[in-house]
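Nothing in this text is a laboratory measurement; each read-out follows from the coordinates by a stated rule. None of the values given here were measured: they were computed from a predicted structure. Neighbour counts are summed over all protein chains in view; Cβ atoms, including those assigned to glycine, are modelled from backbone coordinates with ideal geometry.
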Amino acid sequence: MSIDLKTTSIEPLRRTFDHIADKLGGDKPATRYQEAVWGLQPAVNFHYRPTWDQRYALYDPSRTAIVMRDFDDLIDPRQYYYGTWTMQRGRQQDSQERNFEFVEKRGLLAMLDATWREKITRFVLPMRHVAWAANTNNASICAYGYGAPVTSAASMHMMDQLGVAQYLSRAGLILGDNDPILLDVAKAAWMTDVMWQPMRKLVETSMVTRDWFELFVLQNLVIDGMVHPLVFERFDARIIKHGGAVFSMLSEFMVDWYAESSRWVDAVVKTAAAESPANRAVLEAWLARWLPEASAALTPLADYAFDGEGAAVIAELAQALRARIARLDLSVQD
Amino acid sequence: MADKVFIALQNNAEAQPIISAILADNPEAVLTESPGMVKIDCPTRLVVKRESVEAQLGREFNLQELHINLISLGGNLDEDDDEFVLSWQA
């Protein structure tokens, strides 16, 4: 007896959901990311306006001055949805955890001399309050924003920023030999130290910025675009020269994360700018307002961290950020 | 026939960005879908570019990851960090 093996090819009736096919312009295989974010934004059947703000519907595209034909165009080039994002962060958490263990087991932070311990305490540790504000701001973008691609990515960004704040807190605990006293000192610096007050004012202003896209530009492009290179590139390079390579081990996640998340921030801003000249004008006005404010707010801090050379360092960082913004086809006047 | 090269990949979500990248980079490529797999035929030369897969995938991609979903291929293989090239070298 012989057995014939045959294969039957079954043509699938559809390759993806109808609403995804509409967006893709045809029934083509869609990525999981596309299926996870497109068309997820609740848009209809809300009968009542929220009692706390009757000017807008619960989910309202007009909460921002940015106008998009379709907010689903603001996609994330990293294609993060819950699954891909948690796997990536899980891997990074494992490696960061090993770095912390390594530093703690060998007491590497104890070898830093007093000048640099002091600089970390007064300059780096208070950054956890900045990161926490970034966490809250991205929660606000997620809450008031419109379109699942940008709001879901903002909620992941929110958790990432909380991670940054927690890593900074842990660095403070290790530096203080598990005594939270240094975190109290850092909090006091944040609240009362003269050099921190302009930055605290800027951060607190960001927290009451109502237009969610303006907040996106201010927090994720301008503040992070200055703070991360300042602390985790420039200050890092400086402290390494003075025997503080251990600092890089504690901030490795921040460096990788900043490079990665910048791609998302840039893509969102670039897409919004390319949508219409009106959007471009709005974005340029926001940048023209916030860029100088961020530079001014960070200068006294940079002066402390770089012994009086703060203005020069900040000018370079602002120049680099302008160059980054120019790549998004936006221009900011000096 | 001997000058035709091909690559066969599993037809799953992981291979989808690779398939899209191949089709975009090789205008002469012909896609044949079978149950569970796709076969891509191409006259003389077929290239898989790391950059194009990365653009589709949204993250860094090591061309070695291709092998996870690779079923079969036909042609002489020239592989480096940036390109995975199939051709028949005389």
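Here are the numbers for this structure:
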read-out: Output for the stretch A:260-294, where each listed residue is in contact with a helix residue (DSSP H, G or I) (Cβ under 9 Å, 6 or more places away or on another chain), hydrophobic (A, V, I, L, M, F, W, C) and surrounded by fewer than 17 Cβ atoms within 10 Å (Cβ to Cβ); value: A:ALA274
read-out: Qualifying residue in the stretch A:211-234 (condition: acidic (Asp, Glu), over 30 Å from A:LEU108 (Cβ atoms) and out of contact with any strand residue (DSSP E or B) (no Cβ under 9 Å at 6 or more places or on another chain)); value: yes
read-out: Scope the stretch B:11-59; condition out of contact with any Cys (no Cβ under 9 Å at 6 or more places or on another chain), polar (S, T, N, Q) and surrounded by 14 or more Cβ atoms within 10 Å (Cβ to Cβ); matching residues; value: B:ASN11, B:GLN16, B:SER20, B:SER52, B:GLN56
read-out: Single match in A:ARG280, A:ARG263, A:ARG289 (criterion: touching a Lys or Arg at 6+ places or on another chain (Cβ under 8 Å) and assigned to a helix (DSSP H, G or I)); value: A:ARG263
read-out: So A:ALA154, is it under 13 Å from the mean Cα position of the chain (by Cα), of a type in the set (A, V, I, L, M, F, W, C) and within 24 Å of A:TYR56 (Cα to Cα); value: yes
read-out: Conditions (1) in a loop (DSSP other than H, G, I, E, B); (2) of a type in the set (D, E, K, R); (3) closer than 18 Å to A:ARG122 by Cα: number failed by A:ASP329; value: (3)
read-out: Counted residues, the stretch A:3-41 - those being within 33 Å of the chain's Cα centre (by Cα) and surrounded by 10 or more Cβ atoms within 10 Å (Cβ to Cβ); value: 23
read-out: Of all residues in the stretch A:17-36 being closer than 17 Å to A:GLN79 by Cα and touching an Asp or Glu at 6+ places or on another chain (Cβ under 7 Å), the one that is nearest to the other protein chains (Cβ to nearest Cβ); value: A:ILE20
read-out: Identity of the residue in the stretch A:37-56, of a type in the set (A, V, I, L, M) and touching a residue at least 60 places away in the same chain (Cβ under 8 Å), that ends up farthest from the other protein chains (Cβ to nearest Cβ); value: A:LEU40
read-out: Residue among A:ALA326, A:ALA320, A:ALA297 that is in contact with a Pro (Cβ under 8 Å, 6 or more places away or on another chain) and either over 26 Å from A:GLU204 (Cβ atoms) or surrounded by fewer than 18 Cβ atoms within 10 Å (Cβ to Cβ) (or both); value: A:ALA320
read-out: Residue among A:ALA237, A:ALA188, A:ALA143 that alone is within 20 Å of A:TRP257 (Cβ to Cβ) and either assigned to a helix (DSSP H, G or I) or more than 16 Å from the chain's Cα centre (by Cα) (or both); value: A:ALA237
read-out: Members of the stretch A:146-181 found to be at negative phi and either among the hydroxyl-bearing types (Ser, Thr, Tyr) or not in a helix (DSSP H, G or I) (or both), listed by number; value: A:TYR146, A:THR151, A:SER152, A:SER155, A:TYR167, A:SER169, A:GLY176, A:ASP179, A:PRO180
